[in-house]
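Undergrad: Sharing a structure here in structure tokens format.
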Amino acid sequence: MKFTGAAMLSLAALPASSGHGHTDPNTARMGVLVDLTECIGCRRCEFACAEANGNPHDPIESYDDQSVFAETRRPTPGSLSVVNRPVNAASDGTPVHVKIQCMHCEHAPCVSACLVGAMQKNPDGAVTYDASRCIGCRYCMVACPFERLSYEYDAALAPRIRKCELCRDRTANGKLPACVEICPVEALTYGERDQLIRYAHERIAEHPDRYIDHVYGETEGGGTSWLYLADRPFSELGFPTLGPRSSAEVTEAIQHGIFQGFAAPLALFGVMAGLNFLTKRGSHS
Amino acid sequence: MTTMPIHHNSNSPKYFTPGVWIVTAVAAVGGLCLLYRFTFGLGAATNLSDAYPWGIWIGIDVACGVALAAGGFTSAFLAHLLHRDAYHAVVRPALLTAAIGYTFVALGVMTDLGRFWAMWHVMLPWMWQPNSVLFEVALCVMCYLTVLYIEFLPIACERFIGRVRLPGLLGVLNRPVDRVLRALDSTLARVMTVFVILGVLLSCMHQSSLGTLMVITGDKLHPLWQSPYLPLMFLLSAFAVGYPMVIFESIIAHRSLRLRIETRVLSMLARLTPIILGLYLVVKVLDLVRRGVAPLLLENSPASNLFLAEVTLGVLAPMLIFSVPRLRRSIPWLFTGASLVILGVVMNRLNVFLIAYSPLDLTASYTPAWTEIAVTTGFIAMTVLIYRFVVLNFPVIEGLAVPYRNREQHDAGTPNRTRVLNDRLPTASPNGDLVRPSHETNRIDRAVAQGAAS
């Protein structure tokens, strides 16, 4: 029942297969809901991600290798999405797997931080990277509250930031993001962000024993396009605890407060010119 | 001061001394490591990672570099904007330090940029992203660097006016070039006030924004440092470190060049420092209280100890030293106090940019690679070498007999008289706004005497 629900939502949200006009990705904020209680840690999403992003990868069977769960991994230039196992079977009966990638923040600090506009928040919610603008300062990485950006340190001449771009080229052609499409247990649901949040809360209401009452990403850091459901506090699963405001809100308020209409710098210039004039007269008298 | 005795013979100091050779070696090693970085990339030359995207090239070369170059605008503010003539002696060395310092800040940034060849994107209006704090910092630093070079132009004009000697056939251009220099010099003298004010303004803007830069890291920066008031604290600490930096550098330069140290001017600068440090301290304490994190100071953690060390060594101790008139007149104490302020600001910038910044993955760590350290020390060595070259060849430090003067004396057939910079030609300063004509030096003497007496 749950599975069919998830499938339906992702189908309904698909522009190509949907009969409703309001799911046009050009206007609708899209997102992905991850049900961590469903994920079996098969890592098929890692394979699909590498394939869709043109990263070198091994055959799909190699992703059955569970030894990678021994350590906590983070996205790398070669694998933009990785699955971790923060809770293993030994500690608590059933293991919990967590797929991580760029969260596509609503008010993304990386977008706010980038001085040349290489990071962009698109109308469909995807945060994308334009290497042709990038100067390689890595301030976006410093700013990222989830630390999901990776950098090609080994490229001597033209290193790039690498990140999940929500498979924009696929969704524009009516396809699902590669990871969502391949997931065999439908732990991932692609759809309009608003609908996903409503749906997530319905799921929690239907199965209060299965989930904690928290949709991660609904408000964290001002909200994210990727949303998570889990059976235990997210802090136990390696998710950062973030307030409802994006850190970019603070810096933008400071910057635009100081430089509004360029009034403060002009005033300071005026004051100094005045001081200069007054002390000059004084020193000659 | 017009007749300041020169304690060595008319031969100006040699460029190379054993110490300078060591500095040259450090610079050379840095240069090789720089070559390595640009050939093999950041991955090969640094220990940077996705968890620690910024290392010492940003933490030291850029963040500390910008702060420690604050002597330029703070002394220009006193001497040129407020017309405190007593401080004229320190303005040129401070300006030179700032110009060289910011040049190396720019080089440091370039070294750290993965796509350094795209650096010019910052100058393209269609690339601008005005929400970005870094955008403002980058633009301000570029503009300020330009202003610093413009402020240095009169010194270059003074050096060459009346002494243009182009080699070989180019010699026919000596007169035209001289005329151009004179025109440039008199034009600059008329408009320089605008550039001085602009320099102070741009400094205030980016010194503070350098603090805003790390606000966006949110909880990744330790709560003892993370604050929306970081820009104000960065600005105040830049003000505070300006004069100590002038004192520090002046004592070293005068020792190295065997000149008498202008203790009276330096002690006047030292007297101003506790006031600014005190203001900085008040803001820092109020901020901790306002955010309710003051109790963290008592938890005896590495972070709390670092914070307390930063404030005790870098703020309280020099405030104390510089508040005692007797200590302010002692060169060793002046040097100690100035070094402590510098240490405090360096600790603060390193804490904010590197040490108090912790990635979500607490197992991740960053220790700079030896190549990173070598590039940083190499850059510092290069600033020293360039500083020494410029003061030995341009009229920067008062009382220093620079070689071209000697050469001119030989040309003029007056080999036995040492001429010092104070009696330079009045033609070099037609307006007299930024340069000091000789009649002003007497006023300086009086002002210095008054300042020391009060």
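Undergrad: Is it fair to say residue B:391 is part of a helix (DSSP H, G or I) and within 14 Å of chain A (Cβ to nearest Cβ)? Spell out how you get there, then give the answer.
TA: Numbers: part of a helix (DSSP H, G or I): yes; within 14 Å of chain A (Cβ to nearest Cβ): no.
Spelling it out, it is not the case that residue B:391 is part of a helix (DSSP H, G or I) and within 14 Å of chain A (Cβ to nearest Cβ).
Undergrad: If you don't mind, another one. Sort through B:206, B:254 and tell me the only one that's under 23 Å from residue B:386 (Cβ atoms) and touching a Cys at 6+ places or on another chain (Cβ under 8 Å). Full working, then the answer.
TA: Details: B:254 fails: touching a Cys at 6+ places or on another chain (Cβ under 8 Å).
Unique residue meeting the criteria: B:206.
Undergrad: Can you pull out every residue in segment A:127-145 that is more than 7 Å from chain B (Cβ to nearest Cβ), buried (at least 24 other Cβ atoms within 10 Å of the Cβ) and not β-branched (Val, Ile, Thr)?
TA: A:140, A:144
Undergrad: Related question: Please verify whether segment B:132-153 includes one or more residues that are within 12 Å of chain A (Cβ to nearest Cβ) and outside any helix (DSSP H, G or I).
TA: yes
Undergrad: Give me the residue from segment A:59-71 that is exposed (fewer than 15 other Cβ atoms within 10 Å of the Cβ) and among the hydroxyl-bearing types (Ser, Thr, Tyr) and, out of that set, farthest from residue A:49 (Cα to Cα).
TA: A:67
Undergrad: Mind listing whichever residues of segment A:159-194 are within 14 Å of chain B (Cβ to nearest Cβ) and surrounded by fewer than 22 Cβ atoms within 10 Å (Cβ to Cβ)?
TA: Selection gives A:160 alone.
Undergrad: Name the residues in segment A:83-112 that are surrounded by 21 or more Cβ atoms within 10 Å (Cβ to Cβ) and within 12 Å of chain B (Cβ to nearest Cβ), would you?
TA: The answer is A:100, A:105, A:108, A:109, A:110, A:111, A:112.
Undergrad: Is there a residue in segment A:82-97 that is closer than 20 Å to residue B:218 by Cβ, in the same structural domain as residue A:29 (by TED's automatic domain parsing) and either over 15 Å from the mean Cα position of the chain (by Cα) or not in a strand (DSSP E or B) (or both)?
TA: Scanning segment A:82-97, I find no residue that is closer than 20 Å to residue B:218 by Cβ, in the same structural domain as residue A:29 (by TED's automatic domain parsing) and either over 15 Å from the mean Cα position of the chain (by Cα) or not in a strand (DSSP E or B) (or both), so the answer is no.
Undergrad: Oh, and also: Restricting to segment B:359-370, count the residues that are buried (at least 17 other Cβ atoms within 10 Å of the Cβ) and either closer than 11 Å to residue B:55 by Cα or touching a Lys or Arg at 6+ places or on another chain (Cβ under 6 Å) (or both).
TA: The number of residues fulfilling the criteria is 3.
Undergrad: Scan B:198, B:213 and give me the residue that is under 23 Å from the mean Cα position of the chain (by Cα), modelled with pLDDT of 95 or more, at the interface with chain A (Cβ under 9 Å from one of its Cβ atoms) and surrounded by 23 or more Cβ atoms within 10 Å (Cβ to Cβ). Explain how you work it out, then say what you get.
TA: Numbers: B:198 fails: surrounded by 23 or more Cβ atoms within 10 Å (Cβ to Cβ).
Every option except B:213 fails the conditions.
Listed here are the residues, each with its yes/no results for (1) among the aromatic types (Phe, Trp, Tyr); (2) away from every other protein chain (no Cβ under 12 Å).
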site	(1), (2)
A:218	no, yes
A:224	no, yes
A:231	no, yes
A:234	yes, yes
A:237	no, yes
A:244	no, yes
A:256	no, no
A:264	no, no
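Undergrad: For segment A:100-119, give me each residue that is within 12 Å of the chain's Cα centre (by Cα) and within 23 Å of residue B:118 (Cβ to Cβ). It would help to see each step written out before you state the result.
TA: At the first step, the residues of segment A:100-119 found to be within 12 Å of the chain's Cα centre (by Cα) are A:100-111.
Hits for segment A:100-119 are A:102, A:108, A:109, A:110, A:111.
Undergrad: Follow-up question, since we're still on this one. Could you list, ordered by first residue, the pairs with Cβ atoms under 6 Å in which the first is in segment B:79-93 and within 11 Å of another protein chain (Cβ to nearest Cβ) and the second is surrounded by fewer than 24 Cβ atoms within 10 Å (Cβ to Cβ) and of a type in the set (Ser, Thr, Tyr), at least 6 apart or interchain?
TA: B:82/A:279; B:83/A:279; B:83/A:283
Undergrad: Check segment B:63-73 and report whether any residue there is at negative phi, within 9 Å of another protein chain (Cβ to nearest Cβ) and hydrophobic (A, V, I, L, M, F, W, C).
TA: The answer is no; no qualifying residue exists.
Undergrad: Next question. Select from segment B:110-121 the residues that are in a helix (DSSP H, G or I) and surrounded by fewer than 22 Cβ atoms within 10 Å (Cβ to Cβ) and list them in ascending order.
TA: Going through segment B:110-121, the residues in a helix (DSSP H, G or I) turn out to be B:110-112, B:116-121.
Those that are in a helix (DSSP H, G or I) and surrounded by fewer than 22 Cβ atoms within 10 Å (Cβ to Cβ): B:110, B:116, B:117, B:118, B:119, B:120, B:121.
Undergrad: Looking at segment B:104-131, which of its residues are more than 10 Å from chain A (Cβ to nearest Cβ) and in contact (Cβ under 8 Å) with a residue 60 or more places away in the chain?
TA: If the condition is that a residue be more than 10 Å from chain A (Cβ to nearest Cβ) and in contact (Cβ under 8 Å) with a residue 60 or more places away in the chain, then B:104, B:107, B:108, B:111 are the ones that fit.
The values are calculated or read from the model by the stated rules, or taken from the named source; none is laboratory data. Nothing here was measured: the structure is a model prediction, and the numbers come from that model. Positions of Cβ are backbone-derived with ideal geometry, glycine not excepted, and every protein chain shown enters the neighbour counts.
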